[in-house]
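Enquirer: Okay, handing you the structure first.
The values are calculated or read from the model by the stated rules, or taken from the named source; none is laboratory data. The shown structure was predicted, so the numbers you read here are calculated from the model rather than taken from an experiment. We place every Cβ from the backbone using ideal geometry, glycine too, and count neighbours over all the protein chains shown.
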Amino acid sequence: MGNQMDYEKIERQTKARNIAAKTLIYAMLTVWGLVVLFPFYWMLLTSVKSYSAYSSEFVPKLFTLSPTMQNYTDAFTAVPLGGYFLNTLIFTVVTTAIMLFVTVLAAFAFARLQFRGKNIAFVIFLSLMMIPNELVIITNYVTITNLDLRNTFTGLILPSVTSVFYIYLLKENFAQIPDELYYAAKVDNTSDLKYLFKVMIPICRPTLITITILKVIECWNSYVWPRLVTDDQAYYLVSNGIQEIRENGFGRENIPAMMAAVVVISVPLIVLFLVFHKKIMAGVARGGMKG
């Protein structure tokens, strides 16, 4: 009887400790979530404040009683923000499509095909990830300039059509597919390309979706390279269009209008991530699995 009571007491203590630990963890996660989300809240709040209301605040307020949407109207009238969106859409779609084509073929070659020096070539290929981006940008800029491709979509797109990391991620996924499927396909006289598109790509679809979404986000946020190779407003993307808005649109002091433009630019990516976040996590997790 005494042993039973001691066991129940230990069980209650253990359950209480588990509840306390979970409560502490959730509390810390809640605080961290608020810290992470606060900049987005502040951006949205500032975007609906009038310039006069914002300027009159000696102490920033965490709410507003008179929101206005005028800043969003100004975001599309002060500068050709709609044109920046169209340029970014073209750049993102074309770059992502070409990158997927290159990545799939390269990953398939490294994962399935047998050729002399494959492992050495793959190691050298991976070593490219160690090269600083600044060096790559300088080389790409000289090349694009020599080819007279500045202020063109071709010059914007070409340096972004491949990625060592995405090829490695997809190659690891392709390598997980059992060899028996490949040998069975070869017995049926299936070509390598047909095996790739009929078997490997459907199996690795979560990773391909993840790569696509990450590349879209990367293209949408691209700033340094477009800023280097474009000085013609007709080719500005939304990222470097923000600088144009700041310098020649609203002025440096009109922070609410700037925040409205940033909200408009950020919304597509936020929606994209919220819709596909489970697929992104699943694809990244699959890429890290072996066997």
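Enquirer: How about the stretch 29-54: which of its residues are touching a residue at least 60 places away in the same chain (Cβ under 8 Å) and either over 22 Å from Arg246 (Cβ atoms) or among the polar types (S, T, N, Q) (or both)?
Expert: Once the filter is applied, which keeps residues that are touching a residue at least 60 places away in the same chain (Cβ under 8 Å) and either over 22 Å from Arg246 (Cβ atoms) or among the polar types (S, T, N, Q) (or both), the stretch 29-54 yields Thr46, Ser47, Ser50.
Enquirer: When both residues are 6+ apart or on different chains and their Cβ atoms are under 6 Å apart, which pairs have a first residue that lies in the stretch 114-133 and is without any contact (Cβ under 8 Å) to a residue 60 or more places away in the chain, and a second that is surrounded by 11 or more Cβ atoms within 10 Å (Cβ to Cβ) and assigned to a helix (DSSP H, G or I)?
Expert: Phe122/Phe110; Leu128/Val164; Met129/Val164
Enquirer: Within the stretch 218-228, track down each residue that is closer than 17 Å to Thr162 by Cβ and in contact with a Leu (Cβ under 7 Å, 6 or more places away or on another chain).
Expert: Restricting attention to the stretch 218-228, the residues satisfying the condition of being closer than 17 Å to Thr162 by Cβ are 218-219, 222, 225.
Listed by number, the list holds a single entry, Ser222.
Enquirer: Suppose we filter the stretch 107-122 for residues that are modelled with pLDDT of 85 or more and surrounded by 10 or more Cβ atoms within 10 Å (Cβ to Cβ); how many remain?
Expert: Final tally of qualifying residues: 7.
Enquirer: Considering only the stretch 1-113, give the helices (runs of 4 or more DSSP H) lying wholly within it that have at least 3 residues that are assigned by TED's automatic domain parsing to the domain that holds Ile209 and under 30 Å from Val123 (Cβ atoms).
Expert: 81-111
Enquirer: Then there's this: Being under 21 Å from Phe197 (Cα atoms), over 25 Å from the mean Cα position of the chain (by Cα) and not charged (D, E, K, R): is that true of Leu113 here? Explain how you work it out, then say what you get.
Expert: Details: under 21 Å from Phe197 (Cα atoms): yes; over 25 Å from the mean Cα position of the chain (by Cα): yes; not charged (D, E, K, R): yes.
Considered against the rule, which asks whether it is under 21 Å from Phe197 (Cα atoms), over 25 Å from the mean Cα position of the chain (by Cα) and not charged (D, E, K, R), Leu113 comes out as yes.
Enquirer: Could I ask something else about it? Looking only at the stretch 67-87, decide whether some residue is more than 20 Å from Ala257 (Cβ to Cβ), in contact with a Ser or Thr (Cβ under 6 Å, 6 or more places away or on another chain) and modelled with pLDDT of 90 or more.
Expert: Start the filter on the stretch 67-87 by keeping residues that are more than 20 Å from Ala257 (Cβ to Cβ), which leaves 86-87.
Okay, now just the ones that are also in contact with a Ser or Thr (Cβ under 6 Å, 6 or more places away or on another chain), so none.
The answer is no; no qualifying residue exists.
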